[in-house]
Amino acid sequence: MKALPALPRLHAITDERIARRPDLDTVVQQLATAGREHLAFHARGRALSGLEHFELASRLGAFTPARLFVNDRLDVALAAGAAGVQLGRGSLTPEDARRLNASWWIGKSVHDLPEAAAAHAGGADYLLVGPVFPTATHPDRAPLGLARLKEIVGVGLPVIAIGGVTPERIPELMAGAAIHGVAAIRALWQAADPAEAARRMVEELNG
């Protein structure tokens, strides 16, 4: 397993709507300025074409020292020079991804303890786990809650919690489950002040 400090603690995940926002670059700059090296942007958008996904990744990757992660599309991750990839159920395995780039942080999206154990056995570097709390992004999925999240943390990989995460909930997550970090869509991209939202999240994560 890679050294934990190299894995960002705050992950700002996009979707198709965010990718097409006219103010995308402005919000990205605000988030990157506040999050700096603690922040990873995830270029994600299942309905995006390959070119659209690459263009999104390139725009997100331009704002250093925040890092670029790419969800699912490993060809885009290679072309855009991503620092990490996020694999879902339909993606290649962590082992296959590592053959493409051994220096990537390779994450796996999981929703329960068996999936987490399988991801650990398959060579993932970290887990994206959720939804932890009720979320409008996935209203059909029952939230895991802290007890089951803590069980997944016990698998032994750094855990990034997602789903209904707000700055106010981070202390509860840190105390109750000892997570490594959090990921968010609405709480960052739809915040009235994205920079302040990112700053508060990083502050809570770093104690």
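The values are calculated or read from the model by the stated rules, or taken from the named source; none is laboratory data. Not measured: the values here are computed from a predicted model. Using ideal geometry, Cβ is built from the backbone for each residue, glycine included, and neighbour counts are taken over all protein chains shown. Accessible surface is based on the protein model in full, side chains and every heavy atom, while ligands, DNA and RNA are left aside. Shrake-Rupley method; radii C 1.70, N 1.55, O 1.52, S 1.80 Å.
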Of the conditions (1) closer than 29 Å to residue 173 by Cα; (2) touching a helix residue (DSSP H, G or I) at 6+ places or on another chain (Cβ under 9 Å); (3) part of a loop (DSSP other than H, G, I, E, B); (4) not polar (S, T, N, Q), residue 90 satisfies every one except a single condition; which number is it? (2)
How many residues of the range 116-158 are modelled with pLDDT of 95 or more and of a type in the set (Asp, Glu)? The answer is 2
Is it true that residue 82 is touching a helix residue (DSSP H, G or I) at 6+ places or on another chain (Cβ under 7 Å), modelled with pLDDT of 95 or more and assigned to a loop (DSSP other than H, G, I, E, B)? yes
Look through the range 11-35, keep the residues that are in a helix (DSSP H, G or I) and touching a residue at least 60 places away in the same chain (Cβ under 8 Å), and return whichever of them is surrounded by the most Cβ atoms within 10 Å (Cβ to Cβ). 35
Of these, 88, 81, which one is open to solvent by less than 30 Å² (accessible area, probe 1.4 Å), farther than 16 Å from residue 181 by Cα, without any contact (Cβ under 8 Å) to a residue 24 or more places away in the chain and not hydrophobic (A, V, I, L, M, F, W, C)? 88
Which of the residues that make up the range 177-196 are among the small types (Gly, Ala, Ser), open to solvent by 10 Å² or more (accessible area, probe 1.4 Å) and modelled with pLDDT of 95 or more? 187, 191, 192, 195
What do you reckon, is residue 65 under 28 Å from residue 170 (Cα atoms) and buried (at least 23 other Cβ atoms within 10 Å of the Cβ)? no
Pick from the range 37-53, criterion touching a Leu at 6+ places or on another chain (Cβ under 9 Å) and open to solvent by 30 Å² or more (accessible area, probe 1.4 Å), ranking: nearest to residue 105 (Cα to Cα): 38
Only one of (1) surrounded by 22 or more Cβ atoms within 10 Å (Cβ to Cβ); (2) part of a strand (DSSP E or B) does not apply to residue 109, and that is (1)
